[in-house]
Each structure stands twice: as C-alpha cells, then as structure tokens.
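The structure appears below as structure tokens.
The values are calculated or read from the model by the stated rules, or taken from the named source; none is laboratory data. Everything numeric in this text was worked out from a predicted model, so none of it was measured. Counting neighbours? That spans all protein chains shown, and the Cβs are built from the backbone with ideal geometry, glycine included. Ligands, DNA and RNA are excluded from the accessible area calculation, which covers all protein heavy atoms including side chains. Shrake-Rupley method; radii C 1.70, N 1.55, O 1.52, S 1.80 Å.
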Amino acid sequence: MKIRSCKSWLIVVSLCTALAVNALASELTWPSGWTELYPAHRVIGPLYNVGFEDLSVFLIVTEEGSILINTGLADSVDPIRKNIESLGFDLADIKVLLCMQAHFDHAAALAEIKDLTGAKLYATKKDAAVLAAGGKNDPHFGDEPWAWFDPVVVDQLISQDDGITLGGVTLSVHEHPGHTEGSTSFSLTVEEEEEVYDVLIVNSASINPGKKMFVEPTYEGVGDDFNQTLENQLALDPDVWVAAHGSQYGLKKKHTPGQNYDAQRFVDPVGYKEMVNHYKALYDRQVAAELKTLPQ
C-alpha cells in the first residue's frame, strides 16, 4: 500500500466550522466543538486522539516519548493533559510538537506546552514565521486580535518529504499550503494485527470565508497553492486518515466513546477521496466566481 492537509456588530468567521464574536457582550463565543473535550481514544497503532469534539489533537506514542500534533485554543492544556492521562500516558513525555496549521484554534497552546515539557517544535518555514509572531502576521487573520496567541519559537524547520523520527516511528512531511501558507500534513505506516496501513494526518484544503484566490489574493500565490495541494492530496491513497477537525473526517460516525479498540474502525479510503473532491469543488466554484469579476 502507498501513501499516494467595534461595536454593535456580529463577525462570523469559519475556520472549517463557525466562530462567533459577539461585540455587544465583549466576549468570544467559541463553537462548543472547540471546547467540549472528546473522550481520548486510540485511532490506530501508536496514533491517539486526545483533543476536542471538533478540534483535533493527536498523540503519537513511542518507546522514547510522544509526539503531539496541534493543541487547540489557549486554555486547552489542562483538558489535553486530562485526556492524555486517561490513556495512561503523561504530558511530560512529549518530546516533539507539531502543528498542522498556524491558526489560533490549533496553535494557541503550543508555547505553554513547549515550556512545560521542553519539547522541540517543528514547523514549515512559512508557518514558523506566523507562530513566532503569535498570529499577528497571518495574511488572513493578522489584523484580528481575537486570532492572536502566545508567540512560540520553532526549533527546527521541516519541508516536503522530511522524516521526523522518534522511538522507531517516522512521520513523513507533506507540505499542503493554502489554508495557511505553511499548512502541513503527516503520514506514517502502521502494522497492526498482521496488516499494514498507510495513515494520513491531513490538513484539508478548506477555504476560510473571505479568502481570495486570484482577485486581490489573500497572499501572493494562494490560488496556486490550493490547486497544487488538492492535486497532491488526490494523489495520496491512505487507508486511515484523520484531519484537523473531527467533522472533516467524520469522527462521531467512526467512533463511539467507550467502544473497544478496532483497527478497522477508521479505515476509510473512499471517504478520503470524497473529502478531497468536496474541497476541490468548493475551490473550483470560488475561482470561477472570482474570475467572473475580472474585466473582459
């Protein structure tokens, strides 16, 4: 098998789901799926989900420590710790930190976890710059204070086809830019019950409202980035795949809290292609709409 991403107004922003900012109450109201802890569970092999209903946090456990991918919002450390401990593991054992996209809903607790554990943070060059600035230089949300987070310095840059190895587990890096300039997916091979599975932790090519591709693009080359990412993701053939948001990979349809582990539970090659084609259709539709605005 082969691994073939003011005042009286209401701002609504969607980062693959909905975010409401209620200025009248001067409070941020996050979607419940971003704060409701989901029971920690094993996905397959050394891969576990220790995050929230719709904000994925993944833990990869090895004999030499753990890899944590994503963190959720700024106050996510204690819930993540609770989920990790429910599995019999320890937050202090995290040696490597990764982030699929440098947006606050996935990266805001990286600095705190890095300080607590001493783990090394790896990221692509373009996401590393956004992480170091706490989101203030993000092309899409940099002007929005609610999207800022504690700055965190990346220890090592990664790029396409790099390998990240810890305790006999190797993750391959896939650069899948568009959602952010440095969006990243990770793949690994898992042997479970005498079967070999290609596993992809994918950063999907979802499009935030307000993002522009070719007409006044959000950043130079964003439209081409999305197009290339979609092509690259369609060329992959994972047996098991998960994504930055539980709703993107059908978490609640594939897993019921309390059920026994089953290596087949998340096997879904057809669903993967459907997911990528869904975002490709949205991309094609937006590009067609943008190009209609150009003078003939």
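Key figures
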| quantity | calculated |
| --- | --- |
| Unique match (being out of contact with any Leu (no Cβ under 8 Å at 6 or more places or on another chain) and surrounded by fewer than 24 Cβ atoms within 10 Å (Cβ to Cβ)) among Ala128, Ala111, Ala119, Ala92 | Ala111 |
| All positions within the range 259-296 that are touching a His at 6+ places or on another chain (Cβ under 9 Å) and either farther than 28 Å from Gln228 by Cβ or part of a helix (DSSP H, G or I) (or both) | Gln259, Tyr261, Arg265 |
| Hits in the range 202-244 (condition: in contact with an Asp or Glu (Cβ under 8 Å, 6 or more places away or on another chain), charged (D, E, K, R) and under 30 Å from Arg265 (Cβ atoms)) | Asp237, Asp239 |
| Residue that is open to solvent by 50 Å² or more (accessible area, probe 1.4 Å), under 22 Å from Ile158 (Cα atoms) and among the hydrophobic types (A, V, I, L, M, F, W, C), where the choices are Ala205, Ala289, Ala235 | Ala235 |
| Positions within the range 50-77 being under 17 Å from the mean Cα position of the chain (by Cα) and farther than 22 Å from Phe149 by Cβ, in sequence order | Ile60 |
| From the options Asp138, Asp150, Asp198, residue that is of a type in the set (Asp, Glu), within 17 Å of the chain's Cα centre (by Cα) and crowded, with 16+ Cβ neighbours inside 10 Å | Asp138 |
| Single residue of Gly250, Gly246 found to be open to solvent by less than 30 Å² (accessible area, probe 1.4 Å) and under 22 Å from Ala109 (Cα atoms) | Gly246 |
| Condition check for Val276: open to solvent by less than 70 Å² (accessible area, probe 1.4 Å) and closer than 23 Å to Glu191 by Cα | no |
| Unmet requirement for Val43, which otherwise passes all of (1) of a type outside the set (S, T, N, Q); (2) buried (at least 22 other Cβ atoms within 10 Å of the Cβ); (3) within 20 Å of Asp155 (Cβ to Cβ) | (3) |
| Hits in the range 163-180 - residues which are within 13 Å of Ala205 (Cβ to Cβ) and either in contact with a strand residue (DSSP E or B) (Cβ under 7 Å, 6 or more places away or on another chain) or open to solvent by 20 Å² or more (accessible area, probe 1.4 Å) (or both) | His174, Glu175, His176, Pro177 |
| Residue pairs meeting the criteria (Cβ under 8 Å; at least 6 apart or on separate chains; first farther than 12 Å from Glu53 by Cα and outside any strand (DSSP E or B), in the range 230-255; second open to solvent by less than 50 Å² (accessible area, probe 1.4 Å) and of a type in the set (S, T, N, Q)) | Leu230/Ser5; Asn232/Ser5; Gln233/Ser5; Gln233/Ser185; Gln233/Ser204; Leu236/Ser187; Pro238/Ser187 |
| Residue within the range 124-134 that is part of a loop (DSSP other than H, G, I, E, B), in contact with a His (Cβ under 9 Å, 6 or more places away or on another chain) and not aliphatic (A, V, I, L, M) present | no |
| Subset of the range 47-83 [among the hydroxyl-bearing types (Ser, Thr, Tyr) and either in contact with a Ser or Thr (Cβ under 7 Å, 6 or more places away or on another chain) or open to solvent by less than 10 Å² (accessible area, probe 1.4 Å) (or both)] | Ser56, Ser66, Thr71, Ser76 |
| Asp224, sole failed condition from (1) assigned to a loop (DSSP other than H, G, I, E, B); (2) more than 26 Å from Gly246 (Cα to Cα) | (1) |
